[in-house]
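Before any comments, here is the structure.
The values are calculated or read from the model by the stated rules, or taken from the named source; none is laboratory data. For clarity, every value in this text was computed on a predicted model and none was experimentally measured. With ideal geometry, Cβ positions are generated from the backbone for all residues, glycine too; neighbour counts draw on all protein chains shown.
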Amino acid sequence: MKEEHVRAIKCMVFAQAFVECDVIFKDGWLSLAHQQFRKNPYIGYLACFTPRGILGIQRHITGRKGWHEIKGGWAKSWGGGYLYRREVLEKILKHPYIIEHRDNYEKNQQIDHAIPEVIHRMGYLQFVHNPSLMKHIGKFSTIGHKHRKIDDALNW
């Protein structure tokens, strides 16, 4: 298990997050996340980063502000800046799908698709926010992918 995952599990806080260093957040993002977590104990994650490209799959988000439940796993839901409850994060890190993904990771595999897949398999709820609460400001992702237009933050 990666050292940062172990540190996150040992941390005694309400929610956990793994975010890239090349991002900025909208004012008020943390308050919005806390409010949403309080509404439902079955949240698998809240995605602070909502890419513009998700509208092609999750059309119900278009033109509607606030948190929106999305459904599906691999390539049906994605984003980033995921926030989790601690108990959900512990289950994610122990899930066979994530372990298999981690142990057999190749250059272009998408961790941002693996997380929604495992949350979907476990039956938890997935939420994204419109507008995106986070924006990538780097030219490349942490795994080396160049950002494209569909990767832009939704309604930033």
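Here are the numbers:
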quantity: Enumeration of residues in segment 1-58 that are at pLDDT 60 or above, among the β-branched types (Val, Ile, Thr) and part of a helix (DSSP H, G or I); calculated: 54
quantity: Single residue of segment 102-120 satisfying the filter (among the charged types (D, E, K, R) and loosely packed, with under 13 Cβ neighbours inside 10 Å) that is modelled with the highest pLDDT; calculated: 103
